[in-house]
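Report on the structure given below.
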Amino acid sequence: MKAVAMTRQGGPEVMEFAERPEPVPGPGEALIEIAAAGVNFMDIGVRHGTAWTEMPNPKILGVEGAGRVVSVGHGVENVRPGQRVAWVYAPGSYAERAAIPADALVPIPDEIDDRMAAAVMMQGLTASHFATDFYPVQAGDIALVHAAAGGLGLLLTQVIKLRGGHVIGRVSSAGKVAIAQEAGADHVIVDTEGQFAKEAVRLSDGEGVHVVYDGSGPTTFQGSLDALRISGTFCWYGPVLGGPGPIDIMQLPKSIKIGYAVFFHHIRTPELLRSRSARLFDWIIDGKLKIRIGGEYPLAEAANAHADMESRTTTGKLLLIP
């Protein structure tokens, strides 16, 4: 079986496309023939050494994907051979095949193809968590969405709009404005230096926004604080680009609420994983949620996908095709 593993911490050059042992499903697992694997900033964090440090190298990268069940191990009853399934977190997904816990798998409806399913799991469930659990967007709320033309930003914008909110999107270049607008952003700010707060406040009638969704690293932290209204909510995510450093809670302005949002809390049981994935699939089938696949790469070119994502020039979701 071919797979992409990192041989050591470092840049994309540490990723190796090579033969790996064939996986065998154990009790409670299913063997999956992978049709598409999602590329995420989480994978880049693993490569940089910010996660999975307890796992020895070489280790196969990737956590998200879609494919078809080949066989199942003892005790598996919720999936069957031949069934198409998707998953949001199964380490070792940059591969032709993987043995995955059956409880981590969700069925894919016939109306949705494998690429679409692989593209929506991580970012779709994250967007769902941010806008429905972490901060339940209400009709009329104004949200500031960073990286609004990225895969997560595009889905988050659409979920906010589904809930009746308004979106101010921030993008890094003028070429991304139309993409953010197509997803439903009411206003789009082009900014690379973290100088967006005054415009966000102006666009929210001088009051500031109700919620900020910021995964852009420490550069934008202060601006996100400044963009909030009194009692606004700061949703911080994305450890790959680093944190803001120590925070003096008594210095937080405007009675704001701040927290680090973790998508696993949205799908903390197999039942929640299945129900919330099914809701995403229903939105896609009904035309309420549109998935933008920004690039498809052969599995052997996973290093190029990482380099492109780190350059911050991509839009939408990047996929690897075994």
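The values are calculated or read from the model by the stated rules, or taken from the named source; none is laboratory data. Note that the structure is a prediction, hence the values are computed from the model and not measured. Methodologically, a virtual Cβ is constructed for each residue, glycine included, from the backbone with ideal geometry; neighbour enumeration extends over all protein chains shown. Only protein heavy atoms, including side chains, enter the accessible area calculation; ligands, DNA and RNA are left aside. Shrake-Rupley method; radii C 1.70, N 1.55, O 1.52, S 1.80 Å.
All but one of (1) among the hydrophobic types (A, V, I, L, M, F, W, C); (2) in a strand (DSSP E or B); (3) surrounded by fewer than 17 Cβ atoms within 10 Å (Cβ to Cβ) hold for Ala66; state the number of the condition that does not hold.
(3)
Applying the selection to the range 246-291, what residues are basic (Lys, Arg) and surrounded by 18 or more Cβ atoms within 10 Å (Cβ to Cβ)?
Arg276
Those residues that are in a loop (DSSP other than H, G, I, E, B) and within 18 Å of Glu301 (Cβ to Cβ), I need them from the range 29-57; list them, please.
The answer is Asn40, and nothing else.
Applying the selection to the range 6-40, what residues are buried (at least 20 other Cβ atoms within 10 Å of the Cβ) and either free of Cβ contacts under 8 Å to residues at least 60 places away in the same chain or in contact with a helix residue (DSSP H, G or I) (Cβ under 7 Å, 6 or more places away or on another chain) (or both)?
Met6, Met15, Glu29, Ala30, Ala35, Ala36, Ala37, Gly38, Val39, Asn40
Checking the structure you have, find out if any residue of the range 45-55 is open to solvent by 80 Å² or more (accessible area, probe 1.4 Å), of a type in the set (D, E, K, R) and within 30 Å of Gly242 (Cα to Cα).
Yes, there is a match, as at least one residue in the range 45-55 is open to solvent by 80 Å² or more (accessible area, probe 1.4 Å), of a type in the set (D, E, K, R) and within 30 Å of Gly242 (Cα to Cα).
Read through the list (1) assigned to a loop (DSSP other than H, G, I, E, B); (2) modelled with pLDDT under 95; (3) within 16 Å of the chain's Cα centre (by Cα); (4) not acidic (Asp, Glu), then give the number of the only condition that Tyr89 fails.
Here Tyr89 meets the rest and fails (2).
Only one of Ile189, Ile179 is at negative phi, within 22 Å of the chain's Cα centre (by Cα) and either assigned to a helix (DSSP H, G or I) or of a type in the set (D, E, K, R) (or both). Can you tell me which?
Going through Ile189, Ile179 in turn, just one is at negative phi, within 22 Å of the chain's Cα centre (by Cα) and either assigned to a helix (DSSP H, G or I) or of a type in the set (D, E, K, R) (or both): Ile179.
Is the range 189-199 home to any residue that is under 11 Å from Ala148 (Cα atoms) and touching a strand residue (DSSP E or B) at 6+ places or on another chain (Cβ under 9 Å)?
Yes.
Looking at (1) buried (at least 18 other Cβ atoms within 10 Å of the Cβ); (2) part of a loop (DSSP other than H, G, I, E, B), find the lone condition where Pro136 falls short.
If we test Pro136 against (1) buried (at least 18 other Cβ atoms within 10 Å of the Cβ); (2) part of a loop (DSSP other than H, G, I, E, B), just (1) comes out false.
Could you list all residues from the range 210-268 that are polar (S, T, N, Q), assigned to a strand (DSSP E or B) and either more than 24 Å from the chain's Cα centre (by Cα) or over 20 Å from Thr132 (Cα atoms) (or both)?
Ser231
Out of everything in the range 186-233 that is at pLDDT below 95, touching a Gly at 6+ places or on another chain (Cβ under 9 Å) and of a type in the set (Val, Ile, Thr), what residue ends up being surrounded by the fewest Cβ atoms within 10 Å (Cβ to Cβ)?
That would be Thr219.
Among what's in the range 69-86 and is of a type in the set (Gly, Ala, Ser) and not in a strand (DSSP E or B), pick the residue that is farthest from the chain's Cα centre (by Cα).
Ranking the candidates gives Gly75 first.
Between a first residue in the range 209-225 that is among the aromatic types (Phe, Trp, Tyr) and a second residue that is outside any strand (DSSP E or B) and surrounded by fewer than 24 Cβ atoms within 10 Å (Cβ to Cβ), which pairs have beta carbons less than 7 Å apart while being 6 or more apart in sequence or on different chains?
Phe221/Pro244
Suppose the filter is of a type in the set (A, V, I, L, M), part of a helix (DSSP H, G or I) and within 20 Å of Gly153 (Cα to Cα); does Leu280 pass it?
Against the criterion (of a type in the set (A, V, I, L, M), part of a helix (DSSP H, G or I) and within 20 Å of Gly153 (Cα to Cα)), Leu280 qualifies.
Please count how many residues of the range 78-107 are touching a residue at least 24 places away in the same chain (Cβ under 8 Å) and either of a type in the set (Lys, Arg) or open to solvent by 30 Å² or more (accessible area, probe 1.4 Å) (or both).
The qualifying residues number 10.
Within the range 254-297, track down each residue that is out of contact with any strand residue (DSSP E or B) (no Cβ under 6 Å at 6 or more places or on another chain) and under 30 Å from Pro244 (Cα atoms).
Gly259, Val262, Phe263, Phe264, His265, His266, Ile267, Arg268, listed by residue number.
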